[in-house]
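Undergrad: Below: one structure in structure tokens.
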Amino acid sequence: MSEKKLSIGGQAVIEGVMMRGPEKVATAVRTPDKKIELDIRPVNSISDRFPILKKPMLRGCVSLGESLVMGLRSLSYSAQMAGEEDEQLTDKELAGTIVFAFVMAAVLFVAIPTGAAKLFHFITEDPVFLNLMEGALRLLIFVGYIGAISLMKDIQRVFQYHGAEHKTIACFEAGEALTVENVKKHTRLHKRCGTSFLLIVMLVSIFVFAFLGWPDLWLRILSRVILLPVVAGISYEIIKLSANSDNCVLGWAIKPGLWLQYMTTREPDDDMIEVAIESAKAVLPEDKIPAGTANYIQDIS
């Protein structure tokens, strides 16, 4: 049997990049004094304690939940290191932030579009059509939201770090030494990007919800929330299959997500690439770091 290919993923944070490897999660941040600070933690995935959660359809929900928790922790750390917060979030504050984010997402991407879909009643009362219109509104809100925040100067810097993350991962997957010069040559688009995942969630939900009928508003909202794990599970499997396949159907399925990444990534500068490289190195086993990889941390103490 061939050796399983090592993969890493990540997320842009405030003035930095978070990377997740098989055993460690690292957040590298460029501080106001221009140094690179690292925070390294073990992964501790719940699926390691309950292997059944690694099964298809279940692993997508686990990955989504754990990515949210790790992402918020990394954001809190990066905000502190970048001088925007005095201290990191406590576990209680983290839980409260997650609940608040979930409620806001439910309002913005579930309640509003399913409530607004009634405006199409003048065309037809067909429930399939109304559900499709709801999905189209949800997709429009999502893309509009991305477009709106991409105009903000601070978010544009985060999107540059997002580009640095993707380019660094692409460089590693190509087997090249992690240096600024090598990383700059690679694409800022990536098949396994969280942006692509969220867009596929939106698209899959259109088809899953299309045949649920048109009950009262509260039942429609409840059904969307309850079926979210199913939608996330299907979407995760599509992303995972497409990342390791040259199938043209899967390739076209993820095209919209790649196109959207032109909005959520920007070309990074050299300093940003250095941060992404240090984050990637921190989560890679020593024997997996490509020969010739550069070191951009001057003071590791």
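The values are calculated or read from the model by the stated rules, or taken from the named source; none is laboratory data. Given the structure is predicted, the values throughout are model-derived calculations rather than measurements. Cβ atoms come from the backbone with ideal geometry, glycine included; neighbour counts cover every protein chain shown.
Undergrad: Which residues, counting only those in the range 171-185, are modelled with pLDDT of 95 or more and touching a Ser or Thr at 6+ places or on another chain (Cβ under 8 Å)?
TA: Once the filter is applied, which keeps residues that are modelled with pLDDT of 95 or more and touching a Ser or Thr at 6+ places or on another chain (Cβ under 8 Å), the range 171-185 yields Ala177, Leu178, Thr179, Val183.
Undergrad: Just checking, which of Gly257, Gly213 is closer than 29 Å to Gly115 by Cβ, small (Gly, Ala, Ser) and in contact with a Leu (Cβ under 7 Å, 6 or more places away or on another chain)?
TA: The match here is Gly257.
Undergrad: Counting only residues that are in a helix (DSSP H, G or I) and hydrophobic (A, V, I, L, M, F, W, C), which one in the range 28-54 is farthest from Arg73 (Cα to Cα)?
TA: Per the stated criteria, the residue is Ile52.
Undergrad: Give the residue, chosen from Ile238, Ile206, that is surrounded by 19 or more Cβ atoms within 10 Å (Cβ to Cβ) and not basic (Lys, Arg).
TA: The unique qualifying residue is Ile238.
Undergrad: Next question, about the same structure. Kindly indicate whether any position in the range 43-58 is of a type outside the set (Lys, Arg), closer than 22 Å to Ser223 by Cβ and surrounded by 13 or more Cβ atoms within 10 Å (Cβ to Cβ).
TA: yes
Undergrad: Follow-up question, since we're still on this one. Among residues belonging to the range 257-276 that are of a type outside the set (A, V, I, L, M, F, W, C) and assigned to a helix (DSSP H, G or I), point out the one that is modelled with the lowest pLDDT.
TA: Gly257
Undergrad: I've got another one for you. Any idea which of Val275, Val230, Val283 is touching a residue at least 40 places away in the same chain (Cβ under 8 Å) and out of contact with any helix residue (DSSP H, G or I) (no Cβ under 9 Å at 6 or more places or on another chain)?
TA: Val283
Undergrad: Quick one: which of Lys153, Lys118 is under 30 Å from Val13 (Cα atoms) and surrounded by fewer than 16 Cβ atoms within 10 Å (Cβ to Cβ)?
TA: Result: Lys153 is the single residue among Lys153, Lys118 that is under 30 Å from Val13 (Cα atoms) and surrounded by fewer than 16 Cβ atoms within 10 Å (Cβ to Cβ).
Undergrad: Can you tell me which condition Thr97 does not meet? The list is (1) in a helix (DSSP H, G or I); (2) under 29 Å from Cys171 (Cβ atoms), and all the others hold.
TA: (2)
Undergrad: Follow-up question, since we're still on this one. Only one of these is surrounded by fewer than 19 Cβ atoms within 10 Å (Cβ to Cβ), within 21 Å of the chain's Cα centre (by Cα) and of a type in the set (A, V, I, L, M, F, W, C): Leu199, Leu227. Name it.
TA: Among Leu199, Leu227, only Leu227 is surrounded by fewer than 19 Cβ atoms within 10 Å (Cβ to Cβ), within 21 Å of the chain's Cα centre (by Cα) and of a type in the set (A, V, I, L, M, F, W, C).
Undergrad: Filter the range 62-106 for residues that are small (Gly, Ala, Ser), crowded, with 18+ Cβ neighbours inside 10 Å and under 26 Å from Pro32 (Cα atoms); which is farthest from the chain's Cα centre (by Cα)?
TA: Ala79
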